[in-house]
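A.B. asks: One structure coming up, written as structure tokens, with questions to follow.
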Amino acid sequence: MKQLLLKQYCLINNISLDYTIAFGDNYNDIEMLETVKYGFILDNAPSDLKTKDFILTTSNDNDGIYNGLKSLN
């Protein structure tokens, strides 16, 4: 469902998925992270999620979103 909503939002607002970023830290975020171009998993996520094909960033208590965005310049 999140994937469909995200794709619809981008379509309505003329945003290419190539310009999308998302941050997540739990199982309910997987679909969203798989949909966007840059899917970041926060270090406070369960260990099995950190082994998936997401970009690992620091935890939400350690500026994870800031550090993730900084890694993209």
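A.B. asks: Any chance the stretch 61-73 includes a residue that's open to solvent by less than 30 Å² (accessible area, probe 1.4 Å), of a type outside the set (Phe, Trp, Tyr) and closer than 19 Å to Leu6 by Cα?
C.D. replies: Of all residues in the stretch 61-73, those open to solvent by less than 30 Å² (accessible area, probe 1.4 Å) come to 64, 68.
Applying the additional criterion that residues be of a type outside the set (Phe, Trp, Tyr) yields 64, 68.
Checking which are closer than 19 Å to Leu6 by Cα leaves us with none.
No, that holds for no residue.
Residue-by-condition table, conditions (1) touching a helix residue (DSSP H, G or I) at 6+ places or on another chain (Cβ under 6 Å); (2) among the aliphatic types (A, V, I, L, M):
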| residue | (1), (2) |
| --- | --- |
| Lys2 | yes, no |
| Gln8 | no, no |
| Ile15 | no, yes |
| Tyr19 | no, no |
| Ala45 | no, yes |
| Thr51 | no, no |
| Asn60 | no, no |
| Gly64 | no, no |
| Leu72 | no, yes |
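A.B. asks: From the list Leu33, Leu17, which one is in contact with a Gly (Cβ under 9 Å, 6 or more places away or on another chain) and among the aliphatic types (A, V, I, L, M)?
C.D. replies: Answer to the check: Leu33.
A.B. asks: Is it true that Tyr38 is at pLDDT 95 or above and loosely packed, with under 13 Cβ neighbours inside 10 Å?
C.D. replies: no
A.B. asks: Please count how many residues of the stretch 14-58 are of a type in the set (D, E, K, R) and more than 19 Å from Leu4 (Cα to Cα).
C.D. replies: Filtering the stretch 14-58 down to residues of a type in the set (D, E, K, R) leaves 18, 25, 29, 31, 34, 37, 43, 48, 50, 52-53.
From what's left, more than 19 Å from Leu4 (Cα to Cα): 25, 43, 48, 50, 52-53.
Counting residues in the stretch 14-58 that are of a type in the set (D, E, K, R) and more than 19 Å from Leu4 (Cα to Cα) gives 6.
A.B. asks: Please specify each residue of the stretch 30-73 satisfying the condition of being among the charged types (D, E, K, R) and in contact (Cβ under 8 Å) with a residue 24 or more places away in the chain. First the steps, then the outcome.
C.D. replies: Step one: of the stretch 30-73, the residues among the charged types (D, E, K, R) are 31, 34, 37, 43, 48, 50, 52-53, 61, 63, 70.
Passing the criteria: Glu31, Glu34.
A.B. asks: Further question: Going through the stretch 1-23 one residue at a time, which ones are open to solvent by less than 70 Å² (accessible area, probe 1.4 Å) and free of Cβ contacts under 8 Å to residues at least 24 places away in the same chain?
C.D. replies: Listed by number, the residues that qualify are Cys10, Ile15, Ser16, Leu17, Thr20, Ala22.
The values are calculated or read from the model by the stated rules, or taken from the named source; none is laboratory data. Since the model is a prediction, treat every value here as computed from it, not as a measurement. Here Cβ is always computed from backbone atoms with ideal geometry, including for glycine, and neighbour counts include all displayed protein chains. Protein only, heavy atoms only, side chains kept; ligands, DNA and RNA dropped before computing areas. Shrake-Rupley method; radii C 1.70, N 1.55, O 1.52, S 1.80 Å.
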